[in-house]
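The values are calculated or read from the model by the stated rules, or taken from the named source; none is laboratory data. Predicted model, so just to flag it, every value in this text is computed and none were measured. Cβ: placed from backbone, ideal geometry, glycine included. Neighbour counts: every protein chain shown.
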């Protein structure tokens, strides 16, 4: 294999690889084309709404000087959690050498990539002046690092994006060439990415937790809670994805991987609920002004109850899902388990999306109570960013899995060798999983 | 699908699909063509205020005057007025005499070329219940004869904190504290993320949700770059203690409009100033002192 390691060799094979990726990415069944067509249509509707917002001003949104962040930043927060959640596959695969998880870990890494695209998208659509985004570029703009937490977020999100892009790209390329991946070229990056995954959600929590004027956010539990809920949504999304992969592709998903992810979900959903209980106790037992936002969220304040039905639905969805994860007789039914996965995904989306962002602004810093409802334009833009993220995820997954199964290989690649499927793991924790 | 017997046809279909997609994409983004209404190549490439040379700044000011003429139909003068060495501004407000008439709110609206449609102003007046400093029991939307019995009034505007949370969070240094203590925004550098608006504990910042509307004859033509010039769409703005007036020895518009003399403004570094006398002799307090923001805006009761 050494003969093809030279840079000259890659200069020849890499363009061929990219062409092949483009070909694979745009080829598929009628199901694939329909799915991509629908997503493209939604993304275009979103882009159009965003273009109008840029041209005519953010008055097209429901935001105001009282509630100055809304649906976009809520979804941004959730998307960062989704990106961080993928690490719950990377840790078992690489730190505990779980063989089953190792086979499918690339799904978690691809989810991280797609979710970061969404997170960055949600930041861009929230900017009043996206034409000035270059002011954020270190060197040519004025990057207020290390003082502004937002600059930290720019660093960690883009860094996490690059790390995952490198690891995934390298693995797919070597699979395409039919070579065994050289651990020196990806393992160090994998280990950095594990620490980095925690950093992206911690820094995102610090964006809010660092604001003394917003008592609802200004608490030390925010970052741990962000991580706990990220480890609910990430694995939940991946378990659903793996079942779709099993059904629609030739890729074989080991059952052990799904079992392990459900085990992780059991713990993470309980930790998330426990932290919620700790927060509710602190707010409501103490009472007073610091609980005003929590009162607005859970019970309504001065006749305003906009978020009350949402947050109780979120609680019901999360508790219901936790009960399913914890009850063997229930989770044994695939349909019930899948229902619980969807439920908790939606529950966390409400809870750490609108349920976290909006009460930070209601009541306002002068204790005024100005409600917020997203406009149709905001929903369009939000749906557009989600569609874009799902498109990235679908295409990336399609290409990656075809490389993994050997459906996409270089013309001169050596024949598939079972021994090369995955690096061997001594003392695999495989047996301990169930 | 790779074993398709007609690969060229397949490729042709893909190219067709991609072209249609690209066309739809261009169509979806077409509204972006309108942004030439508020930006230009010169505006796009403009450097940060503090990095502009004297000549560059001069060119920027003339360009902005031209843009104001084009868009709002009014000749204005936009100047760059710098802080004076040894001056430290502070503001004090006597809650015993404020009657809640909101003339300061109105004066700010006119002086600072605020959007007429939203009736924007940097000042909000809270009607408070006698015997409580609890803002939760105050309200800003009172609509009756003032002063109402059993109430006192507390105008709130930018507190010009010595430890401002808003400048800390700005990712692009578009807002900072000047040598005389005034916190300013470079409206041509702000990216509109509104992080400062979330960080401010005093609701002092405003965002331009759309381009401000002002009839030409209502525009205050005496403007400065860092304060009352008409702001662009999509950027954050705030009270600047009327620096275009105060840095030249005049008083803020809100103070001049006050009919009861509740407002005291001046240079605390000057031992003979009225503001210095108030800070030394009155029992003053600041809002949300526990946050450590160290406001330069003080409140006091006379009795």
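Of the residues screened, residue B:144 is one that is surrounded by fewer than 20 Cβ atoms within 10 Å (Cβ to Cβ), out of contact with any strand residue (DSSP E or B) (no Cβ under 7 Å at 6 or more places or on another chain) and modelled with pLDDT of 95 or more.
Hey, any hits in region A:18-37 for a residue that's more than 7 Å from chain B (Cβ to nearest Cβ), under 26 Å from residue B:192 (Cα atoms), modelled with pLDDT of 95 or more and part of a helix (DSSP H, G or I)? No, region A:18-37 has no match at all.
Kindly indicate which of B:106, B:111 is within 22 Å of residue B:207 (Cα to Cα), surrounded by fewer than 22 Cβ atoms within 10 Å (Cβ to Cβ) and in contact (Cβ under 8 Å) with a residue 60 or more places away in the chain. That would be B:106, the only listed residue that is within 22 Å of residue B:207 (Cα to Cα), surrounded by fewer than 22 Cβ atoms within 10 Å (Cβ to Cβ) and in contact (Cβ under 8 Å) with a residue 60 or more places away in the chain. If you go through region A:373-419 and keep only what is crowded, with 22+ Cβ neighbours inside 10 Å and more than 25 Å from the chain's Cα centre (by Cα), you end up with just A:408. Looking only at residues in region A:349-372 that are closer than 16 Å to residue A:212 by Cα and in a loop (DSSP other than H, G, I, E, B), the one that is nearest to the chain's Cα centre (by Cα) is A:361. Please work out if residue A:54 is more than 29 Å from residue A:226 (Cβ to Cβ) and within 11 Å of chain B (Cβ to nearest Cβ). Taking the combined requirement at face value, the residue satisfies it. Given the criteria more than 7 Å from every other protein chain (Cβ to nearest Cβ), closer than 29 Å to residue B:38 by Cα and either in a strand (DSSP E or B) or without any contact (Cβ under 8 Å) to a residue 12 or more places away in the chain (or both), does residue B:144 qualify? Criteria not met by residue B:144. Return a yes/no flag: does region B:223-241 have any residue that is on the phi < 0 side of the Ramachandran plot, surrounded by fewer than 23 Cβ atoms within 10 Å (Cβ to Cβ), in a helix (DSSP H, G or I) and away from every other protein chain (no Cβ under 14 Å). So far as region B:223-241 goes, no, none of its residues is on the phi < 0 side of the Ramachandran plot, surrounded by fewer than 23 Cβ atoms within 10 Å (Cβ to Cβ), in a helix (DSSP H, G or I) and away from every other protein chain (no Cβ under 14 Å). Restricting attention to region B:147-165, the residues being more than 14 Å from chain A (Cβ to nearest Cβ) and either within 19 Å of the chain's Cα centre (by Cα) or assigned to a strand (DSSP E or B) (or both) number 4.
Every test in (1) under 24 Å from residue B:90 (Cα atoms); (2) more than 22 Å from the chain's Cα centre (by Cα); (3) at pLDDT 95 or above; (4) surrounded by fewer than 21 Cβ atoms within 10 Å (Cβ to Cβ) is passed by residue B:168 save one, and that test is (2).
Checked against the criteria, residue A:105 counts as surrounded by 24 or more Cβ atoms within 10 Å (Cβ to Cβ), closer than 30 Å to residue A:397 by Cα and free of Cβ contacts under 8 Å to residues at least 40 places away in the same chain.
Here the condition is being in a helix (DSSP H, G or I), free of Cβ contacts under 8 Å to residues at least 60 places away in the same chain and under 19 Å from residue A:398 (Cα atoms); of A:169, A:159, it holds for A:169 alone.
Residue-wise test of (1) under 21 Å from the mean Cα position of the chain (by Cα); (2) buried (at least 16 other Cβ atoms within 10 Å of the Cβ); (3) not in a helix (DSSP H, G or I); (4) not assigned by TED's automatic domain parsing to the domain that holds residue A:341.
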| site | (1), (2), (3), (4) |
| --- | --- |
| A:193 | yes, yes, no, yes |
| A:232 | yes, yes, no, no |
| A:252 | no, no, yes, no |
| A:256 | no, yes, no, no |
| A:271 | yes, yes, no, no |
| A:294 | no, yes, no, no |
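From the list B:131, B:86, the lone residue that is out of contact with any strand residue (DSSP E or B) (no Cβ under 6 Å at 6 or more places or on another chain), at pLDDT below 95 and on the phi > 0 side of the Ramachandran plot is B:131.
Residues are listed down the side, and each one gets a yes or a no for (1) crowded, with 17+ Cβ neighbours inside 10 Å; (2) farther than 30 Å from residue A:223 by Cβ; (3) in the same structural domain as residue A:157 (by TED's automatic domain parsing); (4) in contact with a strand residue (DSSP E or B) (Cβ under 7 Å, 6 or more places away or on another chain):
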| position | (1), (2), (3), (4) |
| --- | --- |
| A:12 | no, yes, no, no |
| A:15 | no, yes, no, no |
| A:26 | yes, yes, no, no |
| A:31 | no, yes, no, no |
| A:39 | yes, yes, no, no |
| A:60 | yes, yes, no, no |
| A:92 | yes, no, yes, no |
| A:98 | yes, no, yes, no |
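Does residue B:278 meet the test of being in contact with a strand residue (DSSP E or B) (Cβ under 8 Å, 6 or more places away or on another chain) and buried (at least 23 other Cβ atoms within 10 Å of the Cβ)? Here the answer is no, as residue B:278 does not meet what is asked. For the criterion of being buried (at least 19 other Cβ atoms within 10 Å of the Cβ), touching a helix residue (DSSP H, G or I) at 6+ places or on another chain (Cβ under 9 Å) and within 11 Å of chain B (Cβ to nearest Cβ), residue A:123 passes. Set side by side, the residues B:191, B:182 differ, and just one is within 29 Å of residue A:137 (Cβ to Cβ) and at the interface with chain A (Cβ under 9 Å from one of its Cβ atoms), which is B:191. The residue pairs whose first member lies in region A:351-370 and is free of Cβ contacts under 8 Å to residues at least 40 places away in the same chain, whose second member is in a loop (DSSP other than H, G, I, E, B), and whose beta carbons are closer than 6 Å, counting only pairs six or more residues apart or on different chains, are A:366/B:203.
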